[in-house]
Amino acid sequence: MWVFHFAAASCNNCDIEILDALTPKFDLERFGILLVGSIRHADVILATGAISHKAAVRLKRLYEQAPKPCLVVAVGSCACSMCIFRDSYNMAGPFDGLVPVHAYIPGCPPKPEAIIMGVVKLVKALRKG
Amino acid sequence: MAEEILARIKDEFSKKILKVFEKSSRRIYIDFDAKDIPEVVSFLFREMGGRLATATGIDTRKNIEILYHFSFDSSGTIISLRTLIDKKNPEIESVTPIIKGAEWIEREMHELLGVNFRNHPNLKRLLLPEDWPERKYPLRRE
Amino acid sequence: MAKTIIPVGPYHPLQEEPEFFKLLVEGEKVLELEIELGYNHRGIEKIAESKSYDQVIFLVERVCGICSTSHPIASVNALEDLAGIRVPERALYIRSIIGEMERLHSHLLWLGLAGHFIGYNTVWMWAWKYREPVLDIFERITGNRQHYAMMKVGGVRRDIESDDIPGIWKMVDGLLPALDMFKGAVMDDPVIHARLKGVGILTKEDVVAYGAVGPTARASGVAIDVRKDDPYAAYPLVDWQVITQEEGDVFAKAVVRILEMYESIKIVKGCLDKLKLVGGEIDAKVKEIPPGEGIGRHEAPRGEVFHYVRSDGSNRPVRYKVRAPSYMNVPTNQKSVVGGTVSDATITLAAVDPCYCCTERVAVVDRKTGRKGLTGQELIKLSQEKTLRIKKEMVV
């Protein structure tokens, strides 16, 4: 499963925890999950952040370029619901208002274990059909 | 050390200082007319080795207030230069020609508060998207 | 010769749209740098005006994930400056312990990324491996690996139990051999010398002109550090030194960060020793914030965090200003990246340790054809390839 990481106006904590999930201690790769550099190779978009207007433009363009089917996983409380940034003047999110979201992993930030669990659950749910 | 810094500023600008507020030994606020700001900024930066940490713009409803926060690192003192400008047509001379580090600081106040910094080398948007409506300033109290 | 613009990617795989840094190049040389922000602008200052002061501290913690306790420390400093509050001694030690542990995890994070950029992926894996015990201790004493919610006006929200002190001591002690290893790996490796020395130089004059702060300034011989200049928390109560270098290149910036980690460990140990002796309250139990204004700062891993607050006596700020260190440091790339080569661009941009959230992506577009140039990944690859070339040349 090839995942593409997209950060949209995040404080980067979720992004660091995602990268952390790649390090030997957590090792996402043993589940067959690989981080890719191009959206055209992605099966899954790991999305973080509260989405500013500028980021929303980019997100839409990116989602169009992604080969379908493409699953979106909202990682972190900002991605799930915008949380404290809900009323800010520069926000266009959350993700499920702009693109379909298939899994939500809340937390501020969610621990790498939670991220792995979320992605694995999604994979299992897909396999069931 | 802080006393010497304040004494020197008072000495140099005795006729132009409007008010001095010594909140504590290391936090001092000095009021000036907007037209005197570039001269004072230049003196603090070039003659006294002060570092412009940042500047805060405030919509006080009556006017726009700008605070230039200068840090004198060897004594830990912060001298904030306070000035008030007209809210209907907020304009002040840019200090970016004096301090390069002021460029982004002034651009931010320009787009979030609507202050025009005269002779700023690059007064474009910094934080808001290009399609953000003109004359809509997020930090104003409308 | 056709001028091409090159995009420089962020640390993680970048999407294909250009963003923040636009490099205008001619052949290998970088002629111009355009910096564009706004992607991460979340309107935090405006949100703060509708929150109570306690909520503001939680809010500002999320300005940046990596240096997350730095903003709460500056925030409580600003409010305590405004209201003239004296913080109990025990809380001062706890604040510095949290602040320095953050510096440790942040500098290790940087070390790993910098290693990745120049192709030393083992440095990346080891640095991030040694980060984990720091995060584990954070989780143990604060409840979270990041975003610790430890600061409150007048003190700290949780105490450090005497049972936890040996664990914290052991953790920082255990970092020392790792630091020795990194120090050797960076400071004694001739390939790294050749790769990073003289690269991305920022002069003292430019540090002053741009108002740069933190390791970016200290690596160019400008000895500013809020912990010494405008002391707060426990920094004046324990023994430690400000670290500087003179050359202002990427190598100097790396050395400053590595040596600073030793000082952070000293500070943590000094504070832990004091905690064993100093009991009492950890909270001054502040009831309200009077009208007035206050300024608070903290020496975050990236440099001075500056907060200004104005109060009218109600429980919400009239105005809350946040200035992160990268705001002053990122523009210095106009001087350190321009004039250098494309293969050095990534590591030079990374050398000021831009907080992701303060800076963003880099993009390159070919001016003549309008076609997109190298992607972020390709630029990192260029940087890694340069290291390999140097390595080969050095093998006799």
If you go through C:LYS381, C:LYS368, the only one that is part of a loop (DSSP other than H, G, I, E, B) and either modelled with pLDDT of 60 or more or away from every other protein chain (no Cβ under 14 Å) (or both) is C:LYS368
Residue set A:VAL75, A:VAL57, A:VAL99; condition within 17 Å of A:PHE6 (Cα to Cα), touching a Pro at 6+ places or on another chain (Cβ under 7 Å) and aliphatic (A, V, I, L, M); output residue A:VAL75
When every residue in region B:94-107 that is open to solvent by 20 Å² or more (accessible area, probe 1.4 Å) and without any contact (Cβ under 8 Å) to a residue 60 or more places away in the chain is compared, the one nearest to the other protein chains (Cβ to nearest Cβ) is B:LYS100
Exercise. Say whether the condition of being within 14 Å of chain B (Cβ to nearest Cβ), open to solvent by less than 30 Å² (accessible area, probe 1.4 Å) and not in a helix (DSSP H, G or I) is met by at least one residue in region C:164-176.
Key: no
- request: Could you please let me know if B:SER80 is in a loop (DSSP other than H, G, I, E, B) and closer than 19 Å to C:GLY294 by Cβ?
  value: no
How many residues of region C:67-100 are open to solvent by less than 10 Å² (accessible area, probe 1.4 Å) and not in a helix (DSSP H, G or I)? The answer is 3
Practice prompt. Assess whether B:LEU52 counts as being hydrophobic (A, V, I, L, M, F, W, C), away from every other protein chain (no Cβ under 11 Å) and either loosely packed, with under 13 Cβ neighbours inside 10 Å or in contact (Cβ under 8 Å) with a residue 12 or more places away in the chain (or both).
Written response: no
Restricting region C:187-200 to residues that are crowded, with 24+ Cβ neighbours inside 10 Å and part of a helix (DSSP H, G or I), the one nearest to the chain's Cα centre (by Cα) turns out to be C:LEU196
Within region C:302-339, residues away from chain B (no Cβ under 14 Å) and surrounded by fewer than 24 Cβ atoms within 10 Å (Cβ to Cβ) come out as C:GLY313, C:SER314, C:ASN315, C:GLY339
Among helices (runs of 4 or more DSSP H) entirely within region C:201-279, at least 2 residues that are of a type in the set (Val, Ile, Thr) and either modelled with pLDDT of 95 or more or open to solvent by less than 10 Å² (accessible area, probe 1.4 Å) (or both) occur in C:204-210, C:250-277
B:ASP73 meets each of (1) without any contact (Cβ under 8 Å) to a residue 60 or more places away in the chain; (2) under 22 Å from B:ARG118 (Cα atoms); (3) open to solvent by 20 Å² or more (accessible area, probe 1.4 Å) with one exception, condition (2)
Being loosely packed, with under 15 Cβ neighbours inside 10 Å, among the aliphatic types (A, V, I, L, M) and not in a loop (DSSP other than H, G, I, E, B): is that true of B:ALA7 here? yes
C:GLY119 meets each of (1) within 14 Å of chain A (Cβ to nearest Cβ); (2) surrounded by fewer than 24 Cβ atoms within 10 Å (Cβ to Cβ); (3) out of contact with any strand residue (DSSP E or B) (no Cβ under 9 Å at 6 or more places or on another chain) with one exception, condition (1)
- Report yes if B:LEU112 is open to solvent by 10 Å² or more (accessible area, probe 1.4 Å) and of a type in the set (A, V, I, L, M), otherwise no. no
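The values are calculated or read from the model by the stated rules, or taken from the named source; none is laboratory data. This structure is a prediction, so every number in the text was calculated from the model and none was measured. Note that we place each Cβ from the backbone using ideal geometry, even for glycine, and neighbour counts take in every protein chain shown. Only protein heavy atoms, including side chains, enter the accessible area calculation; ligands, DNA and RNA are left aside. Shrake-Rupley method; radii C 1.70, N 1.55, O 1.52, S 1.80 Å.
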